[in-house]
Structures are given as C-alpha cells and as structure tokens.
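Step one of this worksheet: look at the structure below.
The values are calculated or read from the model by the stated rules, or taken from the named source; none is laboratory data. Just so we're clear, the structure is a prediction, and the values are computed from it rather than from any experiment. Methodologically, a virtual Cβ is constructed for each residue, glycine included, from the backbone with ideal geometry; neighbour enumeration extends over all protein chains shown. Just so you know, the surface numbers come from the protein's heavy atoms only, side chains and all, with ligands and any DNA or RNA stripped out. Shrake-Rupley method; radii C 1.70, N 1.55, O 1.52, S 1.80 Å.
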Amino acid sequence: MTRFYPLASATAFAILLSACSDSDPGAGLSEAAPPLSAQLTITPLAAPEGSPGEISTLSSIVSVAEPQARDIAIRFETRDGTAVADEDYLAASGEVILPAGELQTRVDIEILGDADDEGLEYLELSLSADEGVSFNANSVNAYIANDDSSCDAPYQKANPNRWRRLGEDPLNYAHRGGVIDFPENTLYAYAEVARAGADVLEMDVYQTADNELVILHDLSVDRTTNGTGQVVDLTLTELRELDAAYWFVEGQGTPHDQPESAYTFRGIATGDKPPPEGYRAEDFRIPTLEEALQRFPDKLINLELKPDLDGEGEYEAQMAELLQRYGRRDDMIAVSFVDEAANNFKAAAPCVHTAVPLDQGTLLVLSSFGDNPMPPVPEHVAFQVPPDTSQIQQVELELTVVTDDFITDSHNVNLAVQVWTINTCEEMLRMIDLGVDGIMTDRPILLEEILNTPPEERNCP
C-alpha cells in the first residue's frame, strides 16, 4: 500500500532519516542553509523614565534593508554610561532573533522610574551577531529622558542666554532638515544633517484629524508626498501610507516636472526599493513629533507651531505635555507666527524656550528704530526674523529687519537673533559678518562647509 505524507510530515520524516543515518553528522539541512551576508542598522529610541517605582521599556530597533532567507541571532549587552545599572535601568544581556523574511526586531531594556529632577541619561548597548552580519554601529547610546521636572514656574531667562553666540560663529539651523539637500521634514533628512554637523533641527508641527502631532511644513500633503489633502483632515494611519520623499530632487527641493529618474528616493517609504544603508523605510514617511524626540534626544530642536484651527489651545497644551515627558526645555525653541498659538503654548509650558511671535516682534522692531532702545523681553530667548519684510506676507511695510542697530538692540536685551531663510553663500557670509546668532537655511551642508572654513579663507565661488 502506498502512503502519502503531508508536506510538513514528509519534511520531518526526512530530518529523522538524516539524523539516524551513518553519514557525516554535519550533512543534512544545515548544508542547504544559505550563508549570512547582511548589514543591520541599530536605531536607539529615547524613552521617558516613568513614574517612581514604574518599570518602562527602552527600545532599540534592529533592522535590515531587505528580508533575509534565514534567521539572524543578535546578541546584546548593556553597559553603564551616565545611567547606572540597578538605579536607572536593569542590566541585561541576551539574544534576540530577526526572523527570516522580516525587516526588523527590537532589543528592549527595562528602565526604572524615579522622582529625581535630573538631566538626560544614557546607557551603552553593544551588539554582535554571527559571521557575515555587520552593524552600522557595534555600540550605541540609548537615552533615558527626564520626565520629572516641573514646567509651571514663570520663565527666568539665563544670562548669558545659551542661544547667544557672543562673538562665535552662528548656529547652523537645518530648515525642515534641509529643503534643498534632503527630503524635507523626514527622519532621514534630520539624521543626515545631524551627522553632517548642523547644530539645530528645525521642524514644523501640525495636528492630524485624530489629534496626533506630525512633522510637516504645509497644511496640505500635495507638494511633498504622493497623496492629496490637508493634514487636519487626515488621520495618522492615512498619513503613514504616504511617501514623504516622493517629489524630492537633490539640489532642487520638490519640483513636480522632472523625469522619473530624478526622484531618487521615491518608493523607499512604500517598500518598493530598499533604503540607504543605515536607514529604514519609516525614515522616509511623515514622522510624528514623538518619533523625532525619540530619535534625536541630544540634538537642539526648533519647533514651529502651525495654526491650531479650532483655536482652543488643546494643540499647544498637547505639545507642551509631550515635550515635558521627554525633558525638553532649555535645549529647544518653540515659535509661532500666530501670537495666539505662541501665547497658548507659553501659558502651558512657561519653562520652555520660545521666540518672539510675529505681532509682538513687529511692534518691538518698529519701536526700536534709530536711537530708541528695545524694551525688555523677559519671556523669550530669541528673535527669528527674515533679512527684510519681503518674506513676510502678513507685513505690508517694506523694511530691512536685520541691521547692525537691530542686532545691537536685541543683544542689549539678551535676545538671540536667528535669521531665515538664507540659501546663498553671499548672504550666509553677510549674516556671519553682521554677527547674527543663528542662520536658518535650506542648504545646511553649504553653511556647514562655510563654518568649517577658517574665517580668513571664507569666500564664494
């Protein structure tokens, strides 16, 4: 009688026969397993420590650009940095598996909550794997954010103001992550400009239809993505499906009239092509504000609050609460063109550094022309202004804003002067010579090259 075995049973029977045979014990299925040849990316994500006595999770994502034919075993071990084992986290070592066919897994470390008002802390996570597997970094710092600080006391501006450069070169503000250099407002762009040396990551924040905070400059998704519609009408799930690098062309920004081959990042977000080494598909989608705070806990950040269309202040309060959970206070600036939004945010988070909003700033600039001194502005740390009013649609007067007199008046009341949007070499050099404290630019790579050149050798081709 002929017997028929289901596929799974037949496979098990073959393995049994192999194990019982007198052949080489190394023979069998293991010979057929493909050798490993994979580049893994480790992406640590900061996490708030949690309440006293609470145990939370600090995760690091381990990913591969393309699925592998066999499992990858990843070994990990923790070491103290500024965070101390058994005080701030539970020391751990072990192994996680990146399953065959999957793109990522996680290494989770337990962290311990307390009530101490302390700064950002980190532990070191080291990794290894089998032969043929390499990492973008064999060890990374994983950050624990301080969520115990109070943010309800009236703001007291420090002197000197940390955003003032006091004769040093200005800070390099990567406007939207570098609109001309990289796909704007993506985690990929921010990671690239951070690696290149930009000092401040500039981001714009909208609220979605389901009240999530996302990073995007326009009210509509049409210019930068393969979708259409306004952010406030779309849910986070709907936004996640979009390709935020769809229209990006290196050196140009987001023109919609180039040949298909010019859009070199198109399709990474949707999985149609693999990401560059060290990145994931998610890095080319519309990110949430929390993802940016997790990814860049030790970088200076500039947040622009976009108009809250319901005007009830919930958007600003939500942002303030999120920033406090991640301990972001004096290492970031929040700003809005809309005075109502700026004031709502300041009321919700008086401890967070802020820039002067538009209407208040216009009055201060006009009142301090000529020999008139600027009145004190104790609640803010900076002016964020264009060189002249031609870039501000809301102001009808044609005025030069950034002058020696304006910079002197601002510095006299301990305000930094941060200028936008400066994209030519000549204007960058002019702003540096004027003594501004920050330059916001769509071309942070160019500005970084200038700032890395000795002052006596700086010139434009």
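Residues are listed down the side, and each one gets a yes or a no for (1) crowded, with 21+ Cβ neighbours inside 10 Å; (2) β-branched (V, I, T); (3) assigned to a loop (DSSP other than H, G, I, E, B):
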{"position": "P274", "(1), (2), (3)": "no, no, yes"}
{"position": "Y279", "(1), (2), (3)": "yes, no, yes"}
{"position": "D283", "(1), (2), (3)": "yes, no, no"}
{"position": "I286", "(1), (2), (3)": "yes, yes, yes"}
{"position": "L303", "(1), (2), (3)": "yes, no, no"}
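As a summary of the residue check, T362 satisfies the conditions (1) touching a strand residue (DSSP E or B) at 6+ places or on another chain (Cβ under 9 Å); (2) surrounded by 17 or more Cβ atoms within 10 Å (Cβ to Cβ) except for the one numbered (1). Tell me yes or no: at least one residue of the range 41-59 is among the β-branched types (V, I, T) and either surrounded by fewer than 18 Cβ atoms within 10 Å (Cβ to Cβ) or in contact with a His (Cβ under 7 Å, 6 or more places away or on another chain) (or both). Yes, some residue in the range 41-59 is among the β-branched types (V, I, T) and either surrounded by fewer than 18 Cβ atoms within 10 Å (Cβ to Cβ) or in contact with a His (Cβ under 7 Å, 6 or more places away or on another chain) (or both).
Considering only residues that are open to solvent by less than 40 Å² (accessible area, probe 1.4 Å), touching a residue at least 24 places away in the same chain (Cβ under 8 Å) and under 27 Å from the mean Cα position of the chain (by Cα), which ones fall in the range 424-445? Answer for the range 424-445, where residues must be open to solvent by less than 40 Å² (accessible area, probe 1.4 Å), touching a residue at least 24 places away in the same chain (Cβ under 8 Å) and under 27 Å from the mean Cα position of the chain (by Cα): C425, M431, I432, V436, D437, G438, I439, M440, T441, D442, P444.
This table checks each residue for (1) in contact with a strand residue (DSSP E or B) (Cβ under 6 Å, 6 or more places away or on another chain); (2) modelled with pLDDT of 85 or more; (3) closer than 30 Å to A269 by Cβ.
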residue: A12; (1), (2), (3): no, no, no
residue: S30; (1), (2), (3): no, no, no
residue: P44; (1), (2), (3): yes, yes, yes
residue: E49; (1), (2), (3): yes, yes, no
residue: A73; (1), (2), (3): yes, yes, yes
residue: A85; (1), (2), (3): no, yes, no
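Against the criterion of being open to solvent by 40 Å² or more (accessible area, probe 1.4 Å), at negative phi and at pLDDT 95 or above, Q68 does not qualify. Among the criteria (1) in contact with an Asp or Glu (Cβ under 8 Å, 6 or more places away or on another chain); (2) surrounded by 14 or more Cβ atoms within 10 Å (Cβ to Cβ); (3) β-branched (V, I, T); (4) part of a strand (DSSP E or B), the one V62 does not fulfil is (1). Considering every residue within the range 305-318, establish whether at least one is open to solvent by less than 20 Å² (accessible area, probe 1.4 Å), in contact with a Pro (Cβ under 8 Å, 6 or more places away or on another chain), within 21 Å of S220 (Cβ to Cβ) and aliphatic (A, V, I, L, M). No: the range 305-318 contains no residue that is open to solvent by less than 20 Å² (accessible area, probe 1.4 Å), in contact with a Pro (Cβ under 8 Å, 6 or more places away or on another chain), within 21 Å of S220 (Cβ to Cβ) and aliphatic (A, V, I, L, M). For the range 356-405, give me each residue that is charged (D, E, K, R) and over 16 Å from K346 (Cβ atoms). Of everything in the range 356-405, those that are charged (D, E, K, R) and over 16 Å from K346 (Cβ atoms) turn out to be D371, D388, E396, E398, D404, D405. Among residues of the range 199-230 being assigned to a strand (DSSP E or B) and β-branched (V, I, T), the one that is farthest from E448 (Cα to Cα) is V214. Among the residues of this structure, G327 does not count as one that is over 30 Å from D114 (Cα atoms) and open to solvent by less than 50 Å² (accessible area, probe 1.4 Å). All conditions in (1) out of contact with any strand residue (DSSP E or B) (no Cβ under 9 Å at 6 or more places or on another chain); (2) touching a residue at least 12 places away in the same chain (Cβ under 8 Å) hold for P387, with the sole exception of (1).
Counting only residues that are among the aliphatic types (A, V, I, L, M) and touching a Cys at 6+ places or on another chain (Cβ under 9 Å), the range 412-429 holds 2 of them. All conditions but one from (1) in a loop (DSSP other than H, G, I, E, B); (2) in contact with a strand residue (DSSP E or B) (Cβ under 8 Å, 6 or more places away or on another chain); (3) of a type in the set (G, A, S) apply to G370; the one that does not is (2). Among the residues of the range 335-352, is there at least one that is open to solvent by less than 60 Å² (accessible area, probe 1.4 Å), in contact with a Phe, Trp or Tyr (Cβ under 6 Å, 6 or more places away or on another chain), part of a helix (DSSP H, G or I) and more than 30 Å from L58 (Cβ to Cβ)? Checking the range 335-352: not a single residue is open to solvent by less than 60 Å² (accessible area, probe 1.4 Å), in contact with a Phe, Trp or Tyr (Cβ under 6 Å, 6 or more places away or on another chain), part of a helix (DSSP H, G or I) and more than 30 Å from L58 (Cβ to Cβ). Scanning the range 208-232 for residues that are open to solvent by less than 20 Å² (accessible area, probe 1.4 Å) and aliphatic (A, V, I, L, M) yields L213, V214, I215, L216, V221, V231.
In the range 242-253 there is at least one residue that is within 30 Å of H353 (Cβ to Cβ) and part of a loop (DSSP other than H, G, I, E, B). Note on the range 360-376: residues that are over 36 Å from the mean Cα position of the chain (by Cα) and closer than 15 Å to D404 by Cβ total 6.
Mind checking which residues of the range 291-301 are assigned to a helix (DSSP H, G or I) and more than 9 Å from the chain's Cα centre (by Cα)? Within the range 291-301, none qualify.
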